[in-house]
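Here's the structure we're looking at; comments come further down.
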Amino acid sequence: MKPKNSAENFGKCFCIDCPLYTNCNKNKAERIFCARTTSECVMDGKKSCLCPAGCPVYLENKLSGAYFCLIELK
Amino acid sequence: MRKIKLLGISTSARGRESNSYYLMKLAFDALKDADLSKEIIVASELNLRPCQHHYSVNAKMCVHPCLITQLDKDDEMRKIYDGILDSDVVIFSTPIYWGNHSQLMQLIVERLNSLENANSVHRQVVVKNKIGGLMILGHEDGYQNVAGGLMNFLTEMGLIFPPQAYAAWVGESDENTKLDRNRIENGKVIKEIFIDLAQNAVNFAKAVLVCSNCGQKLDYEHKSKKKNYIDYETEK
C-alpha cells in the first residue's frame, strides 16, 4: 500500500540524498515518490536506489521493491 | 490432455556452435510425443544485464519482475522469466569451465534469484509444478560439482527434479578440444544419454503434473518456512 502523502513523510524521505536525485527533481520539489507518482525528470536507473537502504518511509510502510521515482508503486 | 511445454535454456557463450547446444537440440528433436511443444532459448543471443545484487542492499528490494527488467527495456531477461513461468519442463544446458558452470549460466542464476526470493522473502510462490533437468558438457571433469550447485539453486527456486535429473559428458582431459564434437557426433551412447534425460523429464512431467485418472493438473504450492526467514513483522 502507498505511504501517506504527508508533510511528515516528506520530511523523513531520503530521496534528496539519493544518487538518482538531480537538480531537475530539486527544482520541481519532487520527493516521496512512493507516496505520490513517478518523476517527470530524466533519471538514471543504473544508479543505486536509496529507498531500501534505510529510508524511514520505506521501513515504516513495509515496502518492497525500489526505484519508485521510475516505477510507480501500486 | 493439454500439451506439455518443454523449454531448453542453452547457456554456452558459443551459442548454437556449442556442443551443449548441439546435444540439447539433438535430444529435443528426438522427442516425438504428440502432446509436447518444444522451445530452446539460446542465452548468448539475448541482451542479459548482470544482476545488480539488490538483494544484498535489502532482501525486500529483490522482487519479481526483477527491477532491472522493469527499468531497462533493452534487458531481455524477461524472455527467460516468461519462458520458465510458461513451461512445464525446464532443462538448462551448460558447458564446464574450470569445474563450474558457464558465466552465462551464473548470470541467469543470479537474475533468477528474484523468482526464488519471491517465496523466501515475499512469500509468493511464483515457480511451482515445474520439472527441471540439466545437460552438462565439459572437456575434462567437474560435472557432478556443476550438477550439485545448479540443482541446489534450482530446487530453491521451485523446480522439481525427477530421478537421474542430469545428463553429462566430458572429453579426454587433454588439450585436443577439437575432437570433442566428433566424439559426440559419433557417440551413440552419448546421444542416448541426452535424449533419455529429456524424455525422462517429459515422462515425469506427464506422470506428476496431470492426474491420469481425474485429469486434474497438479497445483501444489509450498511456502518456504526456512529458519533464516526474515520476520518483517518483528524487525526493528
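Every number in this text was worked out from the coordinates using simple rules, so none of it is lab data. All values derive from a computational prediction rather than experimental measurement. Positions of Cβ are backbone-derived with ideal geometry, glycine not excepted, and every protein chain shown enters the neighbour counts.
Report the Stokes-Einstein translational diffusion coefficient (µm² s⁻¹, integer) for the stretch B:92-138, Rh taken as the Kirkwood radius over Cα pairs, at 10 °C with viscosity 1.306 mPa s. Numbers along the way, then the final one.
Values: Rh = 12.1 Å.
Calculated translational D: 131 µm²/s.
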Pop a pseudo-label 7 angstrom from the Cα along the beta-carbon direction at both B:Glu17 and B:Glu76 and give the gap in nm to one decimal.
1.7
Within the stretch B:74-179, which trypsin sites (Lys or Arg not before Pro) sit in a loop by DSSP and count at most 14 neighbouring Cβ atoms inside 10 Å?
B:Arg123
Relative packing of B:216-225, A:40-49, which averages over residues the other C-beta atoms within 10 Å, highest first:
A:40-49, B:216-225
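Compute the Cα gyration tensor for chain B, then decide on rounded, prolate or oblate, letting a ≥ b ≥ c be the square roots of its eigenvalues: rounded whenever a/c is under 1.5, prolate when a/b is larger than b/c in the other cases, and oblate in all that remain.
On the way: a/c = 1.89, a/b = 1.31, b/c = 1.45.
Oblate, since a/c reaches 1.5 and b/c is not below a/b.
With charges set only on the Cβ (+1 for Lys and Arg, -1 for Asp and Glu), what does the dipole of chain B come to about its Cα centre, in debye to the nearest 20?
Numbers: 29 positive and 30 negative charges, 131 e Å.
Approximately 640 debye in magnitude.
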With θ set to phi - 60° and the Karplus curve 6.51 cos²θ - 1.76 cosθ + 1.60, what are the ³J(HN,Hα) couplings of the stretch B:108-117 in order, to the nearest whole Hz, using x for Gly and Pro?
5, 4, 5, 6, 6, 3, 5, 6, 5, 5
Among B:Tyr55, B:Gln164, B:Gly187, which residue has its Cα furthest toward the positive end of the charge dipole of the protein assembly as shown, with +1 on Lys/Arg Cβ and -1 on Asp/Glu Cβ?
B:Tyr55
Computed, not fitted: 222 nm per-residue ellipticity of chain B from DSSP H runs ≥ 4 (each -39500 (n - 2.57)), nearest 500, equal to -12000 deg cm²/dmol
No partner Cβ under 4.7 angstrom, meaning no disulfide-compatible partner by this rule: which Cys of chain B qualify?
B:Cys51, B:Cys62, B:Cys66
If you take the charge dipole of the stretch B:64-152 about its Cα centre, with +1 on Lys and Arg Cβ and -1 on Asp and Glu Cβ, which of B:Leu115, B:Ser102, B:Val90 is farthest toward its positive end?
B:Leu115
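Could you tell me whether the protein assembly as shown comes out rounded, prolate or oblate from its Cα gyration tensor? Rule is a ≥ b ≥ c as square roots of the eigenvalues, rounded for a/c under 1.5, then prolate if a/b exceeds b/c, otherwise oblate. If you can, show how the numbers build up before the last one.
Working: a/c = 2.59, a/b = 1.88, b/c = 1.38.
In terms of gyration-tensor shape, prolate.
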Taking the Cα-to-Cβ direction at B:Lys128 and at B:Lys32 and moving 7 Å from each Cα, how far apart do the two end points lie in nm?
3.7
Quick one: work out the % antiparallel among DSSP beta bridges in chain B, nearest 5.
5
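Taking the highest mean first, how do the peptides B:82-92, B:138-148 order by number of other beta carbon atoms within 10 angstrom per residue? Intermediate results must be reported in sequence, preceding the final value.
Values: B:82-92: 20.9, B:138-148: 17.3.
Most protected by this proxy first, the peptides run B:82-92, B:138-148.
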What is the order of B:Met151, B:Met135, B:Met157, A:Met1, fewest Cβ neighbours within 10 Å to most?
A:Met1, B:Met151, B:Met157, B:Met135
Other chains near B:52-63: what is the mean number of their Cβ atoms within 10 Å of each residue's Cβ?
5
Using unit Cβ charges (K, R positive; D, E negative) and no other charged atoms, how large, in debye to the nearest 20, is the dipole of the stretch B:9-62 about its Cα centre?
240
Mean Cβ neighbour count within 10 Å, used as a protection proxy, ranking B:95-101, A:19-25 highest first:
B:95-101, A:19-25
Within the stretch B:135-173, whose backbone N sits under 11 Å from a point 7 Å along Cα→Cβ of B:Arg183?
B:138-141, B:169-173
To the nearest Å, what is the center-to-center distance of the stretch B:178-203 and the stretch A:29-74, using C-alpha atoms only?
50
Calculated from backbone phi, Karplus (6.51, -1.76, 1.60) coupling profile of the stretch B:131-141 in Hz, x at Gly/Pro:
9, x, x, 9, 10, 10, 10, x, 9, 10, 8
Across the stretch B:203-210, in residue order, what do the Karplus-derived ³J(HN,Hα) couplings come to in whole Hz, using 6.51 cos²θ - 1.76 cosθ + 1.60 with θ = phi - 60° and x for Gly and Pro?
4, 5, 4, 5, 6, 9, 7, 10
For the stretch A:7-60, the charge dipole (Cβ of Lys, Arg +1; Cβ of Asp, Glu -1; about the Cα centre) points to a positive end, and the Cα of A:Cys34, A:Leu20, A:Cys49 closest to that extreme belongs to A:Leu20
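So if I place +1 on the C-beta of Lys and Arg and -1 on the C-beta of Asp and Glu, and nothing else carries charge, what would the dipole magnitude of the stretch B:78-189 be about its Cα centre? I want it in debye, nearest 20.
My answer is approximately 420 debye.
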Under-5 Å amide H pairs with B:Gly8, H placed in peptide plane, nonlocal only:
B:Glu39, B:Ile40, B:Ile41, B:Ile91
Distance in Å, no decimals, from the C-alpha centre of the stretch B:63-86 to the one of the stretch B:1-56 is 16
List the residues whose amide H sits under 5 Å from the amide H of B:Gly132, counting only those 5 or more places along or on another chain, with H placed 1.01 Å from N in the peptide plane.
B:Val90, B:Ile160, B:Phe161
What distance in nm separates the simple spin-label points at A:Lys26 and A:Asp44, each placed 7 Å from Cα in the Cβ direction?
1.6
Where a Cα-Cα gap under 28 Å defines reach, which lysines qualify for B:Lys5, not counting those fewer than 8 residues away within the same chain?
B:Lys25, B:Lys32, B:Lys38, B:Lys73, B:Lys79, B:Lys128, B:Lys130, B:Lys188, B:Lys191, B:Lys206, B:Lys217, B:Lys223
